[in-house]
Amino acid sequence: MCGDVGVVHPVHLLRELSSPQLAEWIAYYRTEPRGEDRDDWRIAKLAAELVRVLCGRSAAAVTAKDFLLRFDEPRAAAPVDADAAARAERAHELLVKMQQIYPPAPNP
């Protein structure tokens with residue numbers, strides 16, 4: 001918002017705008033997102049359209065909201081796949097052994 005008004009820092013913005021003006025800007029941003037919020041919506045809409053085109057009827061109900069980043073909602077932990085965890089552990093063990101046989105080159 002600061003860039004749109006021509007102010008370099010939010011502290012200066014609060015000095016320049018009255019409370020009603022600030023409320024108008026907030027209302028405007030809710031109806032017309034700008035900056036990263038707008039970019040997130042554009043990418044989400046593109047992703048949804050790609051899924052609909054590539055997956056056909058099975059993806060007809062997909063919307064842009066399905067692809068929006070959500071910073072305020074906690075993410076549920078994915079269930080642990082015991083086989084995948086065992087494979088990851090084995091891969092780590094092999095990596096450690098390889099590094100013992102072939103140590104990484106020192107940084108110059």
Write out, first by first residue and then by second, each pair whose Cβ atoms fall under 7 Å of each other, whose residues are 6+ apart or on separate chains, and whose first residue, in the range 31-42, is more than 15 Å from F67 (Cβ to Cβ) while the second is surrounded by 11 or more Cβ atoms within 10 Å (Cβ to Cβ) and at pLDDT below 80. R34/D4
Counting only residues that are modelled with pLDDT under 80 and surrounded by 10 or more Cβ atoms within 10 Å (Cβ to Cβ), give me the helices (runs of 4 or more DSSP H) lying completely in the range 1-57 with at least 3 of them. 2-5, 10-16, 35-55
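The values are calculated or read from the model by the stated rules, or taken from the named source; none is laboratory data. Everything quoted here is computed from the prediction, not taken from an experiment. Positions of Cβ are generated from backbone atoms using ideal geometry, with glycine treated the same way; all protein chains shown enter the neighbour counts.
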